[in-house]
Structures are given as C-alpha cells and as structure tokens.
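Report on one structure; see the data block that follows.
The values are calculated or read from the model by the stated rules, or taken from the named source; none is laboratory data. These figures come from a predicted structure and were not determined experimentally. A quick note on method: Cβ atoms are made from the backbone with ideal geometry, for glycine too, and the neighbour counts reach across all protein chains shown. All accessible areas refer to the heavy atoms of the entire protein, side chains included, with ligands and DNA or RNA removed. Shrake-Rupley method; radii C 1.70, N 1.55, O 1.52, S 1.80 Å.
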Amino acid sequence: SVSMFLNTLTPKFYVALTGTSSLISGLILVIFAEHYVRGLSISRLVVPLSESLLQILGLILVSPPLEYHCNLGEIHYCVFLFMTECKVWRNPLNLFRGAEYNRYTWVTGREPLTYYDMNLSAQDHQTFFTCDTDHLRPADAIMQKAWRERNPQARISAAHEALELNECATAYILLAEEEATTIVEAEKLFKQALKAGEGCYRRSQQLQHHGAQYEAQHRRDTNVLVYIKRRLAMCARKLGRTREAVKMMRDLMKEFPLLSMFNIHENLLEALLELQAYADVQAVLAKYDDISLPKSATICYTAALLKARAVSDKFSPEAASRRGLSTAEMNAVEAIHRAVEFNPHVPKYLLEMKSLILPPEHILKRGDSEAIAYAFFHLQHWKRVEGALNLLHCTWEGTFRMIPYPLEKGHLFYPYPICTETADRELLPSFHEVSVYPKKELPFFILFTAGLCSFTAMLALLTHQFPELMGVFAKAFLSTLFAPLNFVMEKVESILPSSLWHQLTRI
C-alpha cells in the first residue's frame, strides 16, 4: 500500500510540500529573529538605514558626539555628521617627540609615528600657533614657515633663528617638543615659553576688541598659553610631581573653561588615578560623563574601573554562578559592557593579550589607536585595583552576546563606525597588527534551516523536471544508505545459530 501511494504522487505534490516547508522555515526564522528585534524603537532602526544609504552614496558615517538610549514609545533624535572620512582627535596624553618618540627610534630603529600622523600634527600646529598677523612680528613670521617644514632639523634651526630676533613662545615650544632629549630639558624650555607667552597674551588681551585682526591674534596667543601650561602639567606628572600637576590642570580648566577641545579633563583623570583619589575621579566623571558630551575610552573605562573597584576584590565567577550577581556586581558588569561596546579593542591590551606600542599623536575614537593610548597610561591603574582585571576577563566578552545582530546596530551607543580600521592603519605604524571589530557569527540553527530549505527546494525542482532520473537516484541513494545495515545483518546471521536467530525473529 505504501509503494502504491508513493507511485500515485505527482510532481505537484512535491512542489506543494516544498512550499509548505519553506513557509514553516520562514516562520521559524522570524520567531528566532524576534528576540533580537524586540525592544528596538524607530531611532535605533534609523541608524543602520542611514549608514546603508551613505554607503550607496559613497560616504562614510562619522560617529556623532551623542550617546542615545532608546525605549519603546520614546525617541531621542541624534544629530549625525556626514563626512568623507572618520574624524581623528588629538591624543590628550601624546608623548614628547624629542624626549620619548625619538628615544624609542634610537633604541629600536623603528619609527613609532606615521607620516599621516605627523602631517596631522603639522596641521594642528599651524592652526593653533599661527595667525594672519604673523608678518607684523619677524620671529612669528619665521615660525609660521617653520611649522610647515617637513625636515625636523630645518624646524629646529628656524626656531633658533626666531629666538635670535625675539623671545618667541612658539619657538620655545618647538624646541621643547623636538630638540629636548629629556623631560627635564623640555620642562625648562616650556617655562621659558610660558614667560614669553604670558607677555604676548596680556598685550593681545588689551587690544582684542579693536578689530578682527587683533581678535585673531588674541585667539592665537590664548591657544599658545593653554598649550604651554598643559604641557608643563604633563611634565610635572611625568617627573613624579603628580599633586602639582593636578593643581596646574585644575587651575587651567578654571581659567579657560571654554577650551574643551584640548580634553584636559582626561589628563586630570589619569593624574587623580595615580594619586588613588577615587572620590575626586568620580566627581570629574559626574561632570563629563554626560549624554550631551563626546564619549571616550578614558571616560567609559574609568567609570567601569570605579564600579569594579567596589566588588572586584571579592568577586568569584564560581560563587556568582551559584548565587547570582548582587546589585553592585551587576552595576560593575553593566559598566564594563558599556565600556567594551564603546571601544571593544581595550580589553585585549589591559589583559595583555596583545602587546602595547607607543600611542600615536592622534587617535580615532572607538578605534585601535584610542585603545592603545588608553591602555598605555591606564594599565597600571587597573593592576593597582585588586581583582579588577579578573572581573574584566570574566565579563568583557559577554558584551557581544548582548548586542543585537548585526553588531553594528549597537545597544547603548550609536553604531560602530565602519571606517575605523582604515583610519587606524594610517595612524598606527606598519609593524603593529591593527585590531578589528570582532564579527559575530550566524547561529547554527539559522544556517541549518536555510540550508535545509534550499536543499528541499532544489530536490523538488529536479523531481519536477526529471522524475524518472530522480527516481533512479533516490533508489541508488537508499540502497547505499542501507548497505552498512544489510552488511551487519548478514554478519549477525552468519555468527548466530539458525535456531536462535529463528526464535529472535519470532519474538
């Protein structure tokens, strides 16, 4: 009866069977994907759509400075900035070329800075240290040409030439950055630059409202003064006078509160962590870890470190798996997940799974360059907190299970920029292996269901087109499939006595 039923089946039956199985497979896929889509509001779904449109137009999505949180029925509008390349930022903790970068080159023979990175620094120097009135002062006119020189020796010679004409603050800055071979020498030159810079600042301050020309000159003198004071504070920090450095940074932030582009608060956070003044660190974070301000790895990971510090000394993965996470532990884990989602490259450096190199002079937020810059200065602070690295090791990879697929959608932050890898390769030296954003693999169930559906559709199509040939193939396949079983049965019959085998078959 079974063979008669199979013989009466027409190709239309196989087509209908295939359509039904495809529909069921599609429903299963929808139910499985609903877990990821549930809870996503319009504002979170707009992000991948905008990024796709930009890719079609040949543009790249630049990370907006706003963090967004999305709930059902509540939409937070974010402002997106579209440019042809990722925006790079000046590294707040950049090293000194003469006293640190050049010493590395002397010892290893490797260049820690790329041409692209140094070219960006040259553009910064021309923006901060020059103005249209430089031709009125001979020393400043020489320095305007010096900042454009590619040859380091030519820049240093031009700075000495400018100092022969006048006490020029920018000339002292160039010598402190590139000629001084120790931090002590650099600090001495910056103190001379401070004396000259304060004089120029006071004179231009009196004339700043007399016209646009004087306004530009005053703005340049302000940038020069802030840069000098900031580098003096960094010299004090490097020479072990951390409390003095903290005081200088606080005074500078009070005197020039509008110059947030220098990110002096990140220098302050690092110095306060060195002093183990965790209450002061929390106060700084409360001011700058705000939704309306640009995020950074320093802010996110410092917040995670403070919350981990409260529970890390007693944290045990085995105990947590048995009793569950306490409220404080949950807060610490959530802070780590937040930090890892912002920059997923940092944990490998903090856990020493990847070797560190000297940080570049510019960083790309959420990129490998920012991760290197953060870990280079903050690894010691994580090591100082007992159990903090252990807590990070146990929890950081769980971030990628929380983010909905694809990972670029994001969970707490805007989508991960697609241009970071290319920009990091330009910023970081060639001997460094650039970290890339970890890709999430498709679940096996989705792959298996899709493959099974495709295979069934292909069999139905072939059966409809070539019924006789597919019947031959089906018989050959079944005979091959049951050949091992027949072989085993023959062996059993040859071994067992015929009477025993007869009784077993009757049973």
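Could you list, in sequence order, all residues of region 171-219 that are among the polar types (S, T, N, Q), open to solvent by 20 Å² or more (accessible area, probe 1.4 Å) and in a helix (DSSP H, G or I)?
Across region 171-219, the qualifying residues are Gln192, Gln205, Gln206, Gln208, Gln213, Gln217.
If only one of Leu239, Leu225 is at pLDDT 85 or above and in contact with a Cys (Cβ under 9 Å, 6 or more places away or on another chain), which one is it?
Testing whether each residue is at pLDDT 85 or above and in contact with a Cys (Cβ under 9 Å, 6 or more places away or on another chain) leaves just Leu225.
Within the set of pairs 6+ apart or on separate chains, which have a first residue in region 11-30 that is open to solvent by less than 90 Å² (accessible area, probe 1.4 Å), a second that is at pLDDT below 70, and C-beta atoms under 8 Å apart?
The qualifying pairs are Leu29/Ile446.
Quick check on this structure: which one of Thr242, Thr222 is in contact (Cβ under 8 Å) with a residue 24 or more places away in the chain, of a type in the set (Val, Ile, Thr) and closer than 23 Å to Gln126 by Cα?
Thr222
Could you please find all residues in region 266-300 being in a helix (DSSP H, G or I) and β-branched (Val, Ile, Thr)?
Val281, Val284, Thr298, Ile299
Any residue at all in region 141-160 that is assigned by the TED database to the domain that holds Lys238, among the hydrophobic types (A, V, I, L, M, F, W, C) and open to solvent by 80 Å² or more (accessible area, probe 1.4 Å)?
Checking region 141-160: not a single residue is assigned by the TED database to the domain that holds Lys238, among the hydrophobic types (A, V, I, L, M, F, W, C) and open to solvent by 80 Å² or more (accessible area, probe 1.4 Å).
List the pairs whose first member sits in region 326-351 and is within 20 Å of Glu421 (Cβ to Cβ), whose second member is open to solvent by 10 Å² or more (accessible area, probe 1.4 Å) and among the polar types (S, T, N, Q), and whose Cβ atoms are under 8 Å apart, counting only residues at least 6 apart or on separate chains?
His345/Ser435; Lys348/Ser435
Given Arg401, Arg384, which one is of a type in the set (D, E, K, R), in the same structural domain as Asp289 (by the TED database) and under 30 Å from Val107 (Cβ atoms)?
Testing whether each residue is of a type in the set (D, E, K, R), in the same structural domain as Asp289 (by the TED database) and under 30 Å from Val107 (Cβ atoms) leaves just Arg384.
For the condition at pLDDT 90 or above and of a type in the set (A, V, I, L, M), what is the one hit in Leu306, Leu325?
Answer to the selection: Leu306.
Right, Glu274: at pLDDT 90 or above, acidic (Asp, Glu) and open to solvent by less than 40 Å² (accessible area, probe 1.4 Å) or not?
No, not satisfied.
Quick one: is Phe96 at pLDDT 90 or above and closer than 26 Å to Leu239 by Cβ?
yes
Check Ile56 against each of (1) open to solvent by 80 Å² or more (accessible area, probe 1.4 Å); (2) at pLDDT 75 or above; (3) assigned to a helix (DSSP H, G or I) and name the one condition it does not meet.
Tallying (1) open to solvent by 80 Å² or more (accessible area, probe 1.4 Å); (2) at pLDDT 75 or above; (3) assigned to a helix (DSSP H, G or I), Ile56 fails exactly one: (2).
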